[in-house]
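The values are calculated or read from the model by the stated rules, or taken from the named source; none is laboratory data. As the structure is a prediction and not an experimental result, all values here were calculated from the model. Cβ coordinates were reconstructed from backbone atoms using ideal geometry, including for glycine residues, and neighbour counts include every protein chain displayed. Remember, those area values only see protein heavy atoms, side chains included, never the ligands or the DNA or RNA. Shrake-Rupley method; radii C 1.70, N 1.55, O 1.52, S 1.80 Å.
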Amino acid sequence: MELTRRSFIAGAAAAGCMAAVGGDAKAPQHEGIRLRFLGTGAAGGPRHSSVLLEGKTLIDFRESARDMLPPGAAPDTIFYTHSHGDHYNPVQTLRLGTIRHVFTQETWAEGARREFAAAAAKLGVPTPEVTPLPFRKPVRVNGLTITGLPANHSTGRITNGEYERTSIYLVEKGSARMLYATDTGGIPGDAAQYIGIDAHIRNGRPITALVMEATTGFGCEDDFRLFVHSTIDTVARTVRVLTKTQRLLSPPDQPVYITHRSHIGYSGNIDADDARLPAPLKCARDGLDVVLG
Ligand SMILES: [Zn+2]
Ligand SMILES: [Zn+2]
């Protein structure tokens, strides 16, 4: 069978494993998820990795990427992947003046609540609500369903004797299913299982879009960050396997964007790096707007 997204979705909908979309059986309607990359750099910047979804919801935020917010943008909700300083900074986030809801993985929400309260006191602004998010619990917010899933990453934060667990996010809107995966070394099996792309699942649910970190670039396969970050080759292999097995079914010509790029293994010339990437990989760029179906 020709591996098109339409044929898969038609089949999946018929099999009852995916909601049928719209009234037209021939052409499902795909509004897609509106995403702006605010920053696409790793800890060294220049802008730290962060995205704005549907103009209202942030995943991670640092001041370094503030200039990439659309004029007049007023995000009210932020989800954090983890507490590393290149993703998480309560004072800088509250300086936006619009954030009311904060979600962190439950293992470190207590600390985040304290730190946001201290940041709010320092700035003299209202304290946002900090919600502890267990893995696999979908949250409906601003027209999206967002689910935190285990990442393959670690921090040094310990709360009540428990290490912080770090998150990647499944973002869903209609039939669009995007996996936003940074920081992580590959896609962990338990995350893949929830999403429906695990090796054991025969009739799973494909993702339709992937944004994934490639912290280290070309020729970095033996880098010591192996266990906590991905390389270009990790992403390329992931995409080849997911595509071949119909676990990633994107609209035609939709790239897989790589983000959280460090200075290691990249030339610093984004056009030159892009030209070397195997399709469908593409460098996400600061300020880039995309709609992912
Ligand atoms: Zn990072
Ligand atoms: Zn990190």
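For region 185-212, taking the residues that are within 16 Å of ligand 1 (Cβ to nearest atom) and on the phi < 0 side of the Ramachandran plot, the one that is most open to solvent (accessible area, probe 1.4 Å) is identified as Gly185. Would you call Leu52 within 16 Å of ligand 1 (Cβ to nearest atom), within 19 Å of Asn142 (Cβ to Cβ) and crowded, with 19+ Cβ neighbours inside 10 Å? Taking the combined requirement at face value, the residue does not satisfy it. Taking the numbered list (1) under 19 Å from Ile258 (Cα atoms); (2) within 16 Å of ligand 1 (Cβ to nearest atom) in turn, Thr104 passes all entries but (1).
Among residues of region 218-233 that are within 19 Å of Thr259 (Cβ to Cβ) and aromatic (Phe, Trp, Tyr), those with a Cβ under 9 angstrom from a residue that is within 16 Å of ligand 1 (Cβ to nearest atom) and open to solvent by less than 50 Å² (accessible area, probe 1.4 Å), sequence gap 6+ or separate chain, pair up as Phe218/Thr231; Phe218/Gly265; Phe218/Tyr266. Taking region 30-61 as the range and being in contact with a Gly (Cβ under 6 Å, 6 or more places away or on another chain) and either touching a residue at least 40 places away in the same chain (Cβ under 8 Å) or over 20 Å from Gly72 (Cβ atoms) (or both) as the test, the residues that pass are His30, Glu31, Gly32, Arg47, His48, Ser49, Glu54. Considering only residues that are farther than 14 Å from Pro138 by Cα and in contact with a strand residue (DSSP E or B) (Cβ under 9 Å, 6 or more places away or on another chain), look in region 175-184 and name the one that is farthest from ligand 1 (Cβ to nearest atom). Restricting to residues being farther than 14 Å from Pro138 by Cα and in contact with a strand residue (DSSP E or B) (Cβ under 9 Å, 6 or more places away or on another chain), the top hit is Ala176.
The residue that is least open to solvent (accessible area, probe 1.4 Å), counting only those in region 62-74 that are more than 16 Å from ligand 1 (Cβ to nearest atom), touching a residue at least 24 places away in the same chain (Cβ under 8 Å) and not in a loop (DSSP other than H, G, I, E, B), is Met68.
Within region 162-183, residues that are over 15 Å from Pro150 (Cα atoms) sit with their Cβ atoms under 6 Å from residues that are of a type in the set (A, V, I, L, M) and open to solvent by 10 Å² or more (accessible area, probe 1.4 Å), at 6+ positions apart or across chains, in these pairs: Ser175/Val21. The number of residues in region 150-179 being charged (D, E, K, R), under 19 Å from Ser83 (Cα atoms) and touching a Lys or Arg at 6+ places or on another chain (Cβ under 8 Å) comes to 1. Considering (1) within 16 Å of ligand 1 (Cβ to nearest atom); (2) more than 30 Å from Arg205 (Cα to Cα); (3) among the β-branched types (Val, Ile, Thr), the lone condition that Ile168 does not fulfil carries the number (2).
Scan region 35-49 for residues that are more than 16 Å from ligand 2 (Cβ to nearest atom) and open to solvent by 10 Å² or more (accessible area, probe 1.4 Å) and jot them down. Scanning region 35-49 gives Arg36, Pro46. Scanning region 261-277 for residues that are open to solvent by 40 Å² or more (accessible area, probe 1.4 Å) and under 21 Å from the mean Cα position of the chain (by Cα) turns up His263, Ile270.
Of the residues examined, Thr182 is not one that is over 17 Å from Asp86 (Cα atoms) and of a type in the set (S, T, N, Q).
Of the candidates Thr98, Thr127, Thr77, the single residue that is farther than 26 Å from Ser262 by Cβ and without any contact (Cβ under 8 Å) to a residue 24 or more places away in the chain is Thr127.
Taking the criterion of being part of a loop (DSSP other than H, G, I, E, B) and either within 16 Å of ligand 2 (Cβ to nearest atom) or touching an Asp or Glu at 6+ places or on another chain (Cβ under 6 Å) (or both), the residues of region 165-175 that qualify are Arg165, Thr166, Gly174.
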